[in-house]
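The values are calculated or read from the model by the stated rules, or taken from the named source; none is laboratory data. Since this is a predicted model, take the numbers as computed values, not measurements. With ideal geometry, Cβ positions are generated from the backbone for all residues, glycine too; neighbour counts draw on all protein chains shown.
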């Protein structure tokens, strides 16, 4: 039996109430579930029922500090392999935050498949949103300034701001690090056009981890690393090293280079004109 058919069978057993042998209480909700399904999909449940915990003898679990909605989505995923809970959100600006919160629940119950599915889902969502930004930017070029639309709606920016505060919070950064790249995908999928929007640019500047990812994407996307290596390091008139002025020293520091590498000017044949020779 292939996986989709097997999952349909599991979901059918859940809906029919057959062979239920586990009770889980979370908040004001209660689920009647199959111990085999929960233990097969979650390391947390497997540990609880294969060790000398009270749950093993009572077949009952009471969860504390877990959002009942997100736990319900986790149960749905274990039985069906779907992310229908997230897909059925009425407003798309809610998706990034709920995806991150569900990821935290998946991490708590050690459901790695769900974590990977959330990451892929968010990656696809941000890719599509970035492409929408590209199309809207193209349309704005054909419109008078007064008729141009923002690249992201005010509602979406608001939802994104809340999600980013959650994802890049110091208390969760380590757990949610897999999601960081998806937020960079939103920028790259827009061909970096979102960086021209003041609200978005000022928002991402608050998160060094995201700024670093965006910077790396620019370096790779525009071949900036190669261009930097081709910058002249030696004066073609006096043969003195270029890069000793305060301005050039600051520039070299900003790209993470403390000093030109020995011999690079000779090996790459790149020479320019130093400030002194230029003003003679």
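Side notes on the structure shown:
- Within segment 149-174, tally of residues that are within 12 Å of the chain's Cα centre (by Cα) and either without any contact (Cβ under 8 Å) to a residue 12 or more places away in the chain or not in a loop (DSSP other than H, G, I, E, B) (or both): 5
Let's see how each residue does on (1) under 30 Å from residue 168 (Cα atoms); (2) assigned by TED's automatic domain parsing to the domain that holds residue 154; (3) without any contact (Cβ under 8 Å) to a residue 12 or more places away in the chain:
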residue	(1), (2), (3)
30	no, no, yes
44	yes, no, no
51	no, no, yes
68	yes, no, no
91	yes, yes, no
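- The listed residues are 73, 31, 44, and the only one of them that is in contact with a helix residue (DSSP H, G or I) (Cβ under 9 Å, 6 or more places away or on another chain) and within 30 Å of residue 153 (Cα to Cα) turns out to be 73.
- Just one of the numbered conditions (1) surrounded by 16 or more Cβ atoms within 10 Å (Cβ to Cβ); (2) within 21 Å of residue 182 (Cα to Cα) is not true of residue 71: (2).
- Residue ID - nearest to the chain's Cα centre (by Cα), chosen from residues in segment 186-209 that are buried (at least 20 other Cβ atoms within 10 Å of the Cβ) and either outside the structural domain of residue 118 (by TED's automatic domain parsing) or within 19 Å of residue 124 (Cβ to Cβ) (or both): 186
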